[in-house]
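The values are calculated or read from the model by the stated rules, or taken from the named source; none is laboratory data. Just so it is clear, the model here is predicted, and its values are computed rather than measured. Here the Cβ is made from the backbone with ideal geometry for all residues, glycine too, and neighbour counts use every protein chain on show. Heads up: the accessible areas ignore ligands, DNA and RNA and are worked out on the full protein's heavy atoms, side chains in. Shrake-Rupley method; radii C 1.70, N 1.55, O 1.52, S 1.80 Å.
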Amino acid sequence: MNARQAPEFPRWPQYDETERDGLIRALEQGQWWRMGGDEVDSFEREFAEHHGAPHALAVTNGTHALELALQCLGVGPGTEVIVPAFTFISSSQAAQRLGAVAVPVDVHPDTYCIDAAAVAAAVTPRTRAIMPVHMAGLIADMDALAKISADTGVPLLQDAAHAHGARWQGKRVGELGSVAAFSFQNGKLMTAGEGGALLFPDTELYEAAFLRHSCGRPRDDRRYLHRTAGSNLRMNEFSAAVLRAQLSRLDQQIALREERWTLLSRLLAAIDGVVPQGGDVRVDRKSHYMAMFRVPGLGEERRNALVDRLVEAGLPAFAAFRAIYRTDAFWEIGAPDETPDAIAARCPHTEAISQDCVWLHHRVLLAGEAEMHATAEIIADLVARA
């Protein structure tokens, strides 16, 4: 491949006759909502089994999945939820929309996942949940977090929006003993355009979530006996049919991404000034939602200009998440009684990563080895001129 030629990457989302057949199957069953059809029920069983969980609940999107889970865990006004400062804003907004205070803590400079020591220091009598985010499909330190949870009695809620199919020391996300939330938004590793799911380790939480996601109404209710406050967060049958097809090829895609990241990360590490996202030997399967790297010291303005030039060169590149406390949205409701600079002072790694990190969409990792070399060459050239 000519180094001057833009590499060609697979399109995303990917689909074939499996999705088409599923949509027709959902169409022709005559019931297009979950209470009358079979697709959502079937997807929930298949997704739960794939991730080693007793129960799965499909919902409208990943943000709603987080919000519903937090509500079932007792989060509300007067409570706090610990979240990583470096994450997509939904992680904090899910708590804030319930009237809780979102408490940002720093992340590890190598993995970009929540720092367990920072979590331990942030727990108070008002803390009702700890939300690790498995950044780019790299599972956070669940051993340390599980110990904090056991010691304090504060439950974990895994934000696994990037971690479909990931494993921690041989255990799948649903086998880690805590509720986990997933997203099926258009860019995710599995997608129906929008959608979300929750995995539950026990029946009691699952049943509570089912009621709340269906307006507080039991499955067999014919008299509008709404048992609890809730909302309509039900997934439709068409989305579930598409997701069943998407799930069927997830493992094959992850295997290819792991192979390609091994090569690309080695090539990136050889570029002067570039540091790829690190790993954790306990994560024996990373799902690779993003291919992430930093250019330490670059700064936000130059990083953003670099991303623009990478896009112009044909790479699906993005600026990393802004620190949540550096957004206007974070301060609208449920913000801690601190200033942004005060939070930044205890989140130095988040400050740096959010200003010098770049990520590439995971479809890059579905391309061939030649594209990995071409990608690294483009990055090397543009970083040198950044």
Original post:
Which shape class, rounded, prolate or oblate, goes with the chain when its Cα gyration tensor gives a ≥ b ≥ c as root eigenvalues, a/c under 1.5 marks rounded, and past that a/b bigger than b/c marks prolate?
Top reply: oblate
**OP:** Take the alpha carbon atoms of region 118-180, find their center, do the same for region 328-353, and report the distance between the two centers in whole angstrom.
**Re:** 21 Å
Subject >> Potential lengthening between THR18 and THR152 on full extension [0.36 nm per residue; Cα-Cα distance subtracted] >> reply: 43.6 nm
Original post:
Between region 227-246 and region 250-308, how many Å separate their Cα centres?
Top reply: 33 Å
**OP:** Can you send over the solvent-accessible area of GLU301, 1.4 Å probe, protein chains only, in Å² to the nearest 10?
**Re:** 150 Å²
Original post:
How much accessible area per residue does region 304-386 have, in Å², with a 1.4 Å probe?
Top reply: 42 Å²
Subject >> region 17-245, relative contact order [Cα under 8 Å, separation at least 6], % >> reply: 27 percent
Subject >> For region 249-384, the spread of Cα positions along each principal axis, largest first, Å >> reply: 50, 34, 24
Original post:
Roughly what % of Cα-Cα distances in region 17-245 sit above 31 Å, to the whole percent?
Top reply: 19 percent
Original post:
Among all the lysines, which ones have a C-alpha under 26 Å from LYS188's C-alpha, if same-chain residues fewer than 8 places away are not counted?
Top reply: LYS171, LYS286
Original post:
Of all the accessible heavy-atom surface of region 249-384, with the other protein chains kept in place and a 1.4 Å probe, what percent is carbon and sulfur?
Top reply: 50 percent
Subject >> Nearest-20 debye value, the chain charge dipole, Cβ charges on Lys, Arg, Asp, Glu >> reply: 380 debye
**OP:** Report the trypsin sites (Lys or Arg not before Pro) located in region 171-251 that are in a DSSP loop and have at most 13 other Cβ atoms inside 10 Å of their Cβ, or state none.
**Re:** ARG219, ARG222, ARG223, ARG227
**OP:** Multiply the residue separation of ARG282 and GLN31 by 0.36 nm, subtract the distance between their alpha-carbon atoms, and state the gained length in nm to one decimal.
**Re:** 86.0 nm
Subject >> Estimated inter-spin distance, GLU258 and GLU49, nm [label 7 Å along Cα→Cβ] >> reply: 2.2 nm
Subject >> Simple label model, 7 Å out from Cα along Cβ direction - ASP381 to ALA345, nm >> reply: 4.6 nm
